[in-house]
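Read the structure below first, then the notes.
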Amino acid sequence: MVLNTVLIIGGSGFLGCHLVDRFAALSPAPAIHVLDIRPLPAIPPEFYSFDPETIVFHKGDITDPSSLRDIYRAVKPDIVVHSASPIHGMGKEIYYKVNVDGTRAIIDVATEPEFKGIIKGLVYTSSASVIYNGDDLRNADESTPMPDKQMDAYNETKALGEKMVLAASSADFKTVALRPSAMFGPGDRQLIPNMAEVTYTFGTRFQIGDNWNIFDFTYIGNVAHAHVLAAQKLVDEKTSQRVAGEPFIITNNEPVYF
Ligand code: NAD
């Protein structure tokens, strides 16, 4: 079965715009709807190949179940992709409100009886940080347990969100969680700007460890592609059983050495 309609929550964000781009590149392309608290940004044409005129934008907040319900009713998506989150460095309260309460609302409203048989699944953008316990992670994979205590409120609420999403997976509503690590690429407003800030403020004069630590940076297009594959698998009865209820770590093939 092909995807007819996809609703991308957080679609105005860095990853969100690449999700739109990748879904729009499918043949046939599904109808693409974006739900976000802020409008789609002015899209630099060299970054993306989709036509912004073909994307339907819905202003909405995932912490408001009634606005979610109205948008689900209007859009009737086969698959919801949830990549909304506050950015790093915010207070605990906002992470709980959006990543826990908001994620719960996305699930609860999608599983209301009126959407049975319409919304078939949810692809959740989790984070590789949900298994980070402060120690080196060597050869970590999806069997690596989450730590009892997360490092910060962002990781804690991403982990809680992921657990809720995967626990909600059922025959009628199938879910997948994707765990990218730090993402880079066109449109990035966190990673490279923050690294540049460290450089400009002479933060690089300090070294922690022996300088041989490696960290996973993943190209944004690969992360978006993983979401498209997950959505396609979920919407197809034949393949959905293989992925439903599972988390997947998303990386580039090779580690990046610094
Ligand atoms: P981003 O801030 O660029 O995009 C997030 C979008 O979510 C924004 O457009 C924002 O307006 C929207 N949003 C926030 N609160 C909302 C709400 N209450 N209702 C509706 N929309 C809301 O962030 P990003 O870097 O593109 O990250 C996308 C996803 O990927 C997030 O879930 C994040 O946790 C995850 N992630 C990011 C990274 C990274 O390196 N940036 C790494 C791992 C996982």
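Summing charges over neighbours of residue 43, with a neighbour being any other residue whose Cβ is under 13 Å away from its Cβ, gives -4 when K and R count +1 and D and E count -1.
When you filter the trypsin sites (Lys or Arg not before Pro) in the stretch 184-258 for DSSP loop state and at most 12 other Cβ atoms inside 10 Å of their Cβ, you are left with 189. Taking amide H as placed 1.01 Å from N in the peptide plane, residue 184 has its amide H under 5 Å from the amide H of 218, 219, 220, each at least 5 places away in sequence or on another chain.
In order along the stretch 134-150, the Karplus-derived 3J(HN,Hα) couplings, from 6.51 cos²θ - 1.76 cosθ + 1.60 at θ = phi - 60°, round to x, 9, 4, 10, 10, 6, 5, 9, 5, 8, 5, x, 6, x, 4, 10, 6 Hz, and Gly and Pro are given as x. Largest mean-square fluctuation among 77, 180, 44, in a Gaussian network model of the chain whose springs join Cα atoms under 10 Å apart, belongs to 44. Taking the DSSP bridge list for the chain and keeping only pairs wholly inside it, about 5 percent are antiparallel.
Among 100, 56, 20, the largest mean-square fluctuation in a Gaussian network model of the chain (Cα springs under 10 Å) belongs to 56.
The value obtained for the chain, namely the Cα convex hull volume divided by the number of residues, is 137 Å³ per residue.
Listed cross-link partners 76/97; 97/238; 97/233 are compared with a 32 Å cut-off, the Cα-Cα value being larger for 97/238.
Starting with the fewest neighbours, write out 120, 163, 76 ranked by other beta-carbon atoms found within 10 Å of each beta-carbon. Can you show the working numbers first?
Numbers: 120 23, 163 17, 76 14.
Ranked by crowding around the Cβ, least crowded first: 76, 163, 120.
The separation of the stretch 189-241 from the stretch 73-96, counted between C-alpha centres, amounts to 18 Å. Of the residues 53, 114, 156, the one with the fewest other Cβ atoms within 10 Å heads the list, and the complete ranking is 53, 114, 156.
Between amide H atoms placed 1.01 Å from N, distances below 5 Å from residue 174 occur with 121, 122, all of them 5 or more places distant or on a separate chain.
Every number in this text was worked out from the coordinates using simple rules, so none of it is lab data. What you see is a predicted model; the values in this text were computed from it and never measured. Heads up, the Cβs are rebuilt from the backbone with ideal geometry, glycines too, and the neighbour counts pull from every protein chain shown.
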